[in-house]
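Worksheet: one structure, shown below.
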């Protein structure tokens, strides 16, 4: 059933490399490479060489030498995909890479589809589905936190736990279904108290995972922050003050791509995504209201709201702005930022502090965006505002929307099972709900997978993964 | 004397790779990697493993796992640089690559300078200087022809021949210098007839190499083509017609960079570099003359001149243009292109053909740039115009300006030796000229090299090579 054809692709980056690597995997990976690779020293064929060894030699196309390369030889099942794998390290010229691919193809390999190496690793049991998905996350992660979450998922902590719970639940289903065979005798193979205990245990795990998604998603894609405030209050100046020094750090790491629509900032390994609220104007009251409405819409998308107030303006006006924002805020964190602290002097700061009492979701800072004063403190507040305790405890965090959806559905099915037991519904209905719960749990770990699901997961990979 | 410190760098490309490779080379390459690499299966240290083997494991930073990697282990002298070398294949995230580099550096490695791996390969006798220089050319080569020339130089055919001739010449110098010790006895250890025979042989080789540079340089950097003609004659249309379909091919090969100032076109594996002659206007005679003067300057830079004539214009005018260009042309190839052949009809074509007689360096084509008619024929003419016989015969071709310069100087010194013999100058002058010739030959193969020369050669490499 498994596709064992030999596939090949460039696995390394495309720009300015001294070395590039082409991976060949599948039944004939070694035989195909042997047709185009000559080792001048040993003269031996790769097929006669030991696994996990390196071989220097030349790639030959008829009489012509294409390149001098080093070949890494892996033999099934001890390789990335679980098949025979050859990795050819050649010189990084685009010409050589393309010619080498062509040569492999004309000798019987075919170009790998996006994610096909990792898909094969999954299908050959080298990793479960959530690990396979983590491969793409590990490669894409641009911040310390995103990397930590992805690498922990790659190691499989996540789905191990779910698999074990699923295993236990599977046992109960079998018991419940056995009861159905003896329906007339009114026996109870599945201890309902034990079952409820297990269901509760699963519930705790799933709920924690579901709840971790907000943080997980934010870490993966950046924590959305909206800067609210009137146009002249210094929003762009603040954004520049926040971004200026950090931008250099981002560009130090070659190959990171920045979202062009929104500005992202990496503070202490956490990515913040600043949602642009440009377009607010205060020339006329009517237009101002329109601007505020737009800002409100941006607030709905945010996890943190920075309300920027102009300390040189009237206190009442600022309090009014604050109340408007507070009314609109749901469960977002609010950081009230008094700007132009250098121009206003301390009386304005004291007045605002006296008038505003902060609740649990709120914080306050006084800065000068223009002079860059107190920006570091504001950054500390941003970090503090993100609840990172889950990260520090090495707890599993869900970052994948597909997992979140399956977990949520599993949770719903679970609640139906619990309610069913409480309402003493018949065994066949109970079994059906448990089956459903098992299904969604299985979708995460890949114990249950359809070609459609797999196709969807791996199509978002790049070629070469 | 040799720097044996351990150096590290990313050797693979920076954009969108699934896998990246970091190379560590030097005295402590294996020991340093052992501090951050754990093999979960064998638990063995890399230092206890055999050379030329592959090892799966984790990169560890304290308690944290940075990545799961495959390590390639090479031991001195059987490695690229001739030292102990470890190549770490990690996931291609920019974050992981940077962290891994930091980790290596904090454990005692330092970042490699541009070209430092290859420089060490040269200093450790793994390759001669012209081979080391070919590494950069192999990586940079974007066309079949450029690649062929670079790979042949990498294999060392070039400097082998020179080294042998230099060796023989060295023997003669020793003989001539021996004569100086016996100056009063008037002996002749160095047979002048034999010496002249050898000098002649060297002259043939060097002259061929010097002459190959025009083609070699053109292949490496693209054959410079200037399209001359008045503004409305259809220069841009022709350029677009030439480039249109080919551009797609260029962009198929990811990672190729195009010169932004000039347009390049790859025909049958040869790169043509079209020199922009925009800026010529014909509104007034004075300005027209200025425009022509500018075109003339571009012609001096070209190897091929395409003179574009408008067939719908008067024959006399076109002949006048042709004469102007012919007067200016030195040893460039000229292709006379009659454009707008679709509008003018065949009488205009016949008239021009009747009036113009082509010499050896000239060719003629009739096209419609707008309709893309006969563009393929023009491309054939371009290929034909380049003398590629040297390429087909697998002859050595010089592409490197440094080699060209050294060869030219060697040639000059050689002529002085020959003249000296003919004029029967004294042995000490003769020896001095031979020494000079030896010096320049040695500069190419690296038998003679100064830190300054080496610094200059390797500073143009990228880091990681």
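Exposure proxy ranking for B:184, B:405, based on other Cβ atoms within 10 angstrom of each Cβ and starting from the fewest, stands as B:184, B:405.
Going 7 Å from the Cα of residue A:182 along its beta-carbon direction, which residues of the stretch A:417-450 have the amide nitrogen within less than 19 Å of the resulting point? Inside the label zone: A:426-431. Using a 7 Å projection from Cα along Cα-to-Cβ, the label point at residue B:405 is separated from the same position in the remaining copies by 6.3 nm, smallest value first. Ignoring solvent entirely, what values of log10 I(q)/I(0) come out of the Debye formula for the stretch B:7-128 at 0.13, 0.19, 0.21 Å⁻¹ when each Cα is a single scatterer? Taken in order of the listed q values, log10 I(q)/I(0) reads -0.47, -1.01, -1.22. When residue B:450 is represented by a point 7 angstrom out along its Cα-to-C-beta vector, the spacings to that point in the other copies are 7.5 nm, nearest first.
Sort out for me the Cα centre separation of the stretch A:60-84 from the stretch A:415-441, rounded to whole Å. The stretch A:60-84 and the stretch A:415-441 have Cα centres spaced 52 Å from each other. Centre-to-centre separation between the Cα atoms of the stretch A:21-56 and those of the stretch B:180-212: 49 Å. Counting Cβ atoms of other protein chains within 10 Å of each residue's Cβ and taking the mean over peptide B:134-143 gives 4. Across the stretch B:339-460, the volume of the C-alpha convex hull divided among the residues equals 197 Å³ per residue.
Reported to the nearest whole Å, the Cα centre-to-centre distance from the stretch B:330-359 to the stretch B:85-148 is 52.
Against the main long axis of the alpha-carbon atoms of chain A, helix A:192-221 sits at an angle near 70°. Applying 1/(1 + (r/R0)^6) with R0 = 35 Å to the Cβ-Cβ distance of residue B:330 and residue B:377, what FRET efficiency is obtained, to the nearest 0.05? Working from the Cβ atoms, E equals 0.85. Using R0 = 25 Å, the C-beta based FRET efficiency linking residue B:425 and residue B:456 works out to 0.15.
Straightening the chain between residue A:27 and residue A:395 buys 128.5 nm, computed as 0.36 nm per residue apart minus the Cα-Cα spacing. Legend: Rg and Dmax of the protein assembly as shown, from Cα coordinates, 36.3, 131 Å. Looking at the protein assembly as shown alone, DSSP beta bridges between its own residues are antiparallel in about 60 percent of cases. With respect to chain A, whose longest principal axis is taken over its alpha-carbon atoms, helix A:157-181 is tilted by about 80°. Among B:8, B:90, A:462, the ranking by other beta carbons within 10 Å of each residue's beta carbon, starting with the fewest, stands as A:462, B:90, B:8. Given R₀ = 30 Å, what would the calculated FRET efficiency be for residue B:192 paired with residue B:405, taking r from the Cβ atoms and rounding to 0.05? Once the sixth-power term is evaluated, E becomes 0.50. In the stretch B:299-439, the DSSP beta bridges split such that about 10 percent are antiparallel, to the nearest 5. For chain B, the longest principal axis of the C-alpha atoms and the axis of helix B:235-252 are separated by about 30°.
Only helical DSSP H runs with n ≥ 4 go in: add -39500 (n - 2.57) per run for the protein assembly as shown, normalise by residue count and round the 222 nm mean residue ellipticity to 500 deg cm²/dmol.
-16000 deg cm²/dmol
Computed on the Cα atoms alone, the convex hull of chain A gives a volume of 196 cubic angstrom per residue. With its label point defined 7 Å out from Cα along the Cα-to-Cβ axis, residue B:48 lies at 3.2 nm from the matching points of the other copies, in increasing order.
Every read-out reported here was derived from the displayed coordinates using simple, explicitly stated rules and does not represent laboratory data. Please read all numbers here as calculations on a predicted model, not as lab measurements. Here Cβ is always computed from backbone atoms with ideal geometry, including for glycine, and neighbour counts include all displayed protein chains.
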